[in-house]
1. Hey, can you tell me all the residues within region 137-163 that are over 17 Å from Ile120 (Cβ atoms) and open to solvent by less than 50 Å² (accessible area, probe 1.4 Å)?
2. Quick check on region 35-42. Is at least one of its residues among the aliphatic types (A, V, I, L, M) and within 17 Å of Leu131 (Cα to Cα)?
3. Just give me the residues in region 26-46 being more than 16 Å from the ligand (Cβ to nearest atom) and either without any contact (Cβ under 8 Å) to a residue 24 or more places away in the chain or open to solvent by less than 50 Å² (accessible area, probe 1.4 Å) (or both), in sequence order.
4. Step by step: first the residues of region 200-224, then only those that are under 24 Å from Ser42 (Cβ atoms) and without any contact (Cβ under 8 Å) to a residue 40 or more places away in the chain, then the one that is most open to solvent (accessible area, probe 1.4 Å). Which residue is that?
5. Looking only at helices (runs of 4 or more DSSP H) that lie completely in region 90-199, which have at least 1 residues being within 13 Å of the ligand (Cβ to nearest atom) and either under 30 Å from Thr6 (Cα atoms) or not hydrophobic (A, V, I, L, M, F, W, C) (or both)?
6. For the structure I just gave you, tell me whether Gly212 is modelled with pLDDT of 95 or more, of a type in the set (Gly, Ala, Ser) and more than 15 Å from the ligand (Cβ to nearest atom).
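The values are calculated or read from the model by the stated rules, or taken from the named source; none is laboratory data. On a predicted model such as this, the values are computed, not experimentally measured, just so you know. Every residue, glycine as well, gets a Cβ built from its backbone with ideal geometry; the counts of neighbours run over all protein chains shown. For the accessible areas, the whole protein counts, side chains as well, though only heavy atoms, and no ligand, DNA or RNA atoms are used. Shrake-Rupley method; radii C 1.70, N 1.55, O 1.52, S 1.80 Å.
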Amino acid sequence: MRIIITDSYENMGLEAANIVAGQIYLKPDSVLGLATGSTPVSMYQRLAAVHKSVGLDFSEVTTFNLDEYIGMAPENPQSYHYFMQEYFFRHINIRPENVFLPDGMADDVVAEGNRYEKLIAAKGGIDLQVLGIGQNAHIGFNEPDVKFAATTHKVELDEETIQANSRFFKNSDEVPRYAISMGIKTIMMAEHVILLANGRNKAEAVYKAVCGDVTPEAPASILQLHRDVALILDREAAALLPASIPGVPIRRK
Ligand code: PGA
């Protein structure tokens, strides 16, 4: 694990975008794992800007998103399908046939999870997985008490997640209770992982991910066991981390 601490939300996005762009320059047909939420927006904006200014080419890139709400059609503005189009895909030259998200409308969620896993494997696995983190240290929608061995599966959202996500809805009653999410195993099989976090409300989750026990109570703590993971934080999200951590290089930018 390594940590990059930046001085702003924009610079967190810039650092993350540099890593994603580097991945694509080195391997134009990269398979990216992508996240939704407010955290990665500055990264997507920066990547779109690099595409526009110097032609960063997404034409060979394949993407798999972490999750989708169950019962949410792609054209619903609250869906993660819609979010990705709005914030990223419509600004770059990715091919629609290379874009994958779990189908929240699937009748058989178990079969959908299996289909998604097979698709990822058929594309050669995920080269670089982008993650956010929940206030409860979830990654994807893998909530506390997760089974570390799970692949893409149906999840019941935590009350804390429902409250956090209610800011995107009229009220918390409208937040879906279930989602389909890549599992911890899916995430851990990615070649490289970057986890982004900004804001003071993520500081405890970041502390647990980096310094806490590896436990299903804090799903992101499993990343301590990943062979290549970088945490890209702003100062607020890094506020509870000690100045130095044995075995974890920290770069301040
Ligand atoms: P956020 O969500 O980026 O909207 O804070 C992150 C997450 O819940 O994983």
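1. Ala137, His138, Glu143, Pro144, Val146, Val155, Leu157, Asp158, Thr161, Ile162
2. Initial filter on region 35-42 (among the aliphatic types (A, V, I, L, M)): 35, 41.
Next cut, within 17 Å of Leu131 (Cα to Cα) only: 35, 41.
Among the residues of region 35-42, at least one is among the aliphatic types (A, V, I, L, M) and within 17 Å of Leu131 (Cα to Cα), which makes the answer yes.
3. Going through region 26-46, the residues more than 16 Å from the ligand (Cβ to nearest atom) turn out to be 26-32.
The answer is Leu26, Ser30, Val31, Leu32.
4. Arg200
5. Numbers: elements: 109-122, 159-165, 184-188.
Hits in region 90-199: 159-165, 184-188.
6. Numbers: modelled with pLDDT of 95 or more: yes; of a type in the set (Gly, Ala, Ser): yes; more than 15 Å from the ligand (Cβ to nearest atom): yes.
So Gly212 passes the test.
To keep it simple, each residue is scored yes or no on (1) open to solvent by 20 Å² or more (accessible area, probe 1.4 Å); (2) of a type in the set (Val, Ile, Thr); (3) within 23 Å of Ala21 (Cα to Cα).
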| position | (1), (2), (3) |
| --- | --- |
| Ala48 | no, no, yes |
| Ile70 | yes, yes, no |
| Pro77 | yes, no, no |
| Tyr80 | yes, no, yes |
| Gln85 | yes, no, yes |
